[in-house]
1. What number of residues within the stretch 100-132 satisfy the criterion of being modelled with pLDDT under 95 and assigned to a helix (DSSP H, G or I)?
2. Mind checking whether some residue in the stretch 208-222 is within 19 Å of Gln145 (Cα to Cα) and assigned to a loop (DSSP other than H, G, I, E, B)?
3. Tell me, which residue of the stretch 31-53 that is surrounded by 17 or more Cβ atoms within 10 Å (Cβ to Cβ) and of a type in the set (Val, Ile, Thr) is nearest to Ala79 (Cα to Cα)?
4. So, in the stretch 101-137, of the ones that are among the polar types (S, T, N, Q) and free of Cβ contacts under 8 Å to residues at least 12 places away in the same chain, which residue ends up surrounded by the fewest Cβ atoms within 10 Å (Cβ to Cβ)?
5. Filter the stretch 160-191 down to residues that are of a type in the set (Ser, Thr, Tyr) and over 13 Å from the mean Cα position of the chain (by Cα) and give me whichever is nearest to Val213 (Cα to Cα).
6. For Ser135, all conditions in the list (1) farther than 26 Å from Phe222 by Cα; (2) modelled with pLDDT of 95 or more hold save one; what is the number of the exception?
7. Would you confirm, using the coordinates I've provided, whether Ala140 is surrounded by fewer than 18 Cβ atoms within 10 Å (Cβ to Cβ), more than 18 Å from the chain's Cα centre (by Cα) and assigned to a helix (DSSP H, G or I)?
8. Using beta carbons and a limit of 7 Å, which pairs, at least six apart or on different chains, have the first residue in the stretch 188-199 and under 16 Å from Ala157 (Cβ atoms) and the second one assigned to a helix (DSSP H, G or I)?
Amino acid sequence: MRKQIVAGNWKMNNDLKQTQTLISELKNQVQTSMAEVMIAPTFTNLVGACDALQNSEIEVIAQNMHFAENGAYTGEVSATMLKSIGVNTVILGHSERRAYFNENDELLAKKVDAALAKNMRIIFCFGEELQDRNSGHHEAVVERQIKKALFHLSGEAWGSIVLAYEPVWAIGTGETASPDQAQDMHAFIRKTLAEEHGQDLANNVSILYGGSVKPANANEIFSKADVDGGLIGGAALNAEHFFDIVNAF
């Protein structure tokens, strides 16, 4: 049975004091939930977050990692480094990494392999631009992104993959794919997986929606059959709003 997940991607927000304050507020809000709850602070605050939440139901995850084990990659962080501080899940392929840092499908496939080699779980992001949606190419774009980065994996490896569909036109814009649009794409993604790996595997892969999810729309989005949770941006920076989304399940 696939997992329901709500993950908060803090992006480049919150210094040390702000991180400590938000984590304290999150600990006061957390309660038994049907969903797995995750947060992704900045790299500089991962150790403190792991320490503060080590006995909590909230998992601390990373926003990115490099494909190499070590070496002359100034400013980068490896899977081994993340594992050494207790981080076992990493977000890969976020649209901002693709757009601002030129991460392509081939590079992301290497990152996926590196994370899996260290037994990490991956939240793999993908999604179309507005022009792709308007031209009717959105399904082809999403299919390409998934296939090029992930379809070299064995069926067993998919047990460590969580997919996150993020229409780029709805990230940080206040625009949101309608619940029916989200469901249609999630159903297409699951069909694409089933054609390659079989229906049983496809039915067990969690697919999250990311794109201006808010307390006001979370319940309707999460009610769709193929939507298994959300990768949350701006609303994750407010403890009350974040847990309103978590509790939408």
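The values are calculated or read from the model by the stated rules, or taken from the named source; none is laboratory data. Just so we're clear, the structure is a prediction, and the values are computed from it rather than from any experiment. FYI the Cβ positions are ideal-geometry reconstructions off the backbone, even for glycines, and counts take in every protein chain you see.
1. Counting residues in the stretch 100-132 that are modelled with pLDDT under 95 and assigned to a helix (DSSP H, G or I) gives 3.
2. The answer is yes, given that some residue of the stretch 208-222 is within 19 Å of Gln145 (Cα to Cα) and assigned to a loop (DSSP other than H, G, I, E, B).
3. Thr42
4. Asn102
5. Thr176
6. (2)
7. Taking the combined requirement at face value, the residue satisfies it.
8. Final answer for the pair search is Leu193/Leu201; Leu193/Ala202; His197/Trp158.
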